[in-house]
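To start, the structure itself, in structure tokens.
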Amino acid sequence: MESRVLLVDDDQELCELLADYLQQQGFQVHAVHDGDTALPEIERQAYDAVVLDIMLPGTQGLDILRKLRESSHIPVIMLTARGEDTDRIVGLELGADDYLPKPCNPRELVARLRAVLRRSGGEDNRGTSAAVEISAGDTRLNSATREASHGQHNLALTSAEFNLLRLLVSRAGRAVDKETLSREALGRPLSAYDRSVDVHISKIRRKLAAAGATDLIVSVRGQGYQFAVDASA
């Protein structure tokens, strides 16, 4: 089944280039060119992923992402101006699954899309029905439904957050280095100055804390992160 992708960018020439390449790679693609059209379009059609530019006419990309995350966990790849680290970090904080600097290489975009779709179950995992559940203490994850909870609280994780927490929980009690977290959970090697793992972990910690669980994900100096089972569980 072809994955449906929505491109949101006011650069129509770039959209045509990306759409042509994505279609050649087996994606169904639709493009809109202003922020005010994006959310109604996402609500109108069932898309598997969104490629979202930050700078848009009308509603800005970060505002679209913020609104989208109130009700949806659809994978989102942000397009950011090269060198704008602040935009990337804010995008990740708001729930973006990944980012690419503009101008982006269509081949790299395809690789990133396939990675986020695999992580979300939107590609290659379709048709699997067997529930794969893992847990550590009161924290539970179901890979079939992509749901995570702590106690009676749903954690409402994004695709990237789910995969990071699943990896940490599966190796509870052991430190997992950032390179492994990036490769296995985010689908790409860790690059210099890449803070994606740290930003996602920070968000997971906040969601666990809101569910009454603090200090479950600990930093291991010089290594990475470790999931520690709640001593009271």
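The values are calculated or read from the model by the stated rules, or taken from the named source; none is laboratory data. Quick caveat: nothing in here was measured; it's all calculated off a predicted structure. Using ideal geometry, Cβ is built from the backbone for each residue, glycine included, and neighbour counts are taken over all protein chains shown.
Some values worked out for this structure:
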| read-out | value |
| --- | --- |
| Test result for Leu157, surrounded by 16 or more Cβ atoms within 10 Å (Cβ to Cβ) and under 19 Å from Gly91 (Cα atoms) | yes |
| Region 134-149, residues that are assigned to a strand (DSSP E or B), over 13 Å from Ala228 (Cα atoms) and over 16 Å from the mean Cα position of the chain (by Cα) | Ile134, Arg140, Leu141, Asn142, Ser149 |
| Count of region 104-134 residues which are in contact with a helix residue (DSSP H, G or I) (Cβ under 8 Å, 6 or more places away or on another chain), of a type outside the set (A, V, I, L, M, F, W, C) and modelled with pLDDT of 85 or more | 2 |
| Test result for Gly58, surrounded by fewer than 18 Cβ atoms within 10 Å (Cβ to Cβ) and on the phi > 0 side of the Ramachandran plot | yes |
| Qualifying residues in region 86-109 (those that are assigned to a helix (DSSP H, G or I) and basic (Lys, Arg)) - the one surrounded by the fewest Cβ atoms within 10 Å (Cβ to Cβ) | Arg107 |
| One residue from Leu39, Leu92, Leu56 being out of contact with any strand residue (DSSP E or B) (no Cβ under 6 Å at 6 or more places or on another chain) and within 25 Å of Ala148 (Cβ to Cβ) | Leu92 |
| Conditions (1) exposed (fewer than 15 other Cβ atoms within 10 Å of the Cβ); (2) touching a Gly at 6+ places or on another chain (Cβ under 9 Å): number failed by Glu13 | (2) |
| Residue check, Arg183 free of Cβ contacts under 8 Å to residues at least 40 places away in the same chain and farther than 26 Å from Leu68 by Cβ | yes |
| Filtered residue count, region 177-226, keeping only those that are under 19 Å from Asn154 (Cβ atoms), in a helix (DSSP H, G or I) and in contact with a Leu (Cβ under 6 Å, 6 or more places away or on another chain) | 4 |
| Residues within region 68-85 that are at pLDDT 85 or above and part of a helix (DSSP H, G or I), tallied | 1 |
| Selection count, region 136-154, where residues are surrounded by 15 or more Cβ atoms within 10 Å (Cβ to Cβ) and either of a type outside the set (Lys, Arg) or touching a residue at least 24 places away in the same chain (Cβ under 8 Å) (or both) | 13 |
| Residue count, region 211-227 (criterion: within 20 Å of the chain's Cα centre (by Cα) and of a type in the set (A, V, I, L, M)) | 1 |
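This table checks each residue for (1) surrounded by fewer than 17 Cβ atoms within 10 Å (Cβ to Cβ); (2) farther than 19 Å from Leu109 by Cα; (3) not hydrophobic (A, V, I, L, M, F, W, C).
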position: Leu22; (1), (2), (3): no, no, no
position: His33; (1), (2), (3): no, no, yes
position: Asp48; (1), (2), (3): no, no, yes
position: Lys67; (1), (2), (3): yes, yes, yes
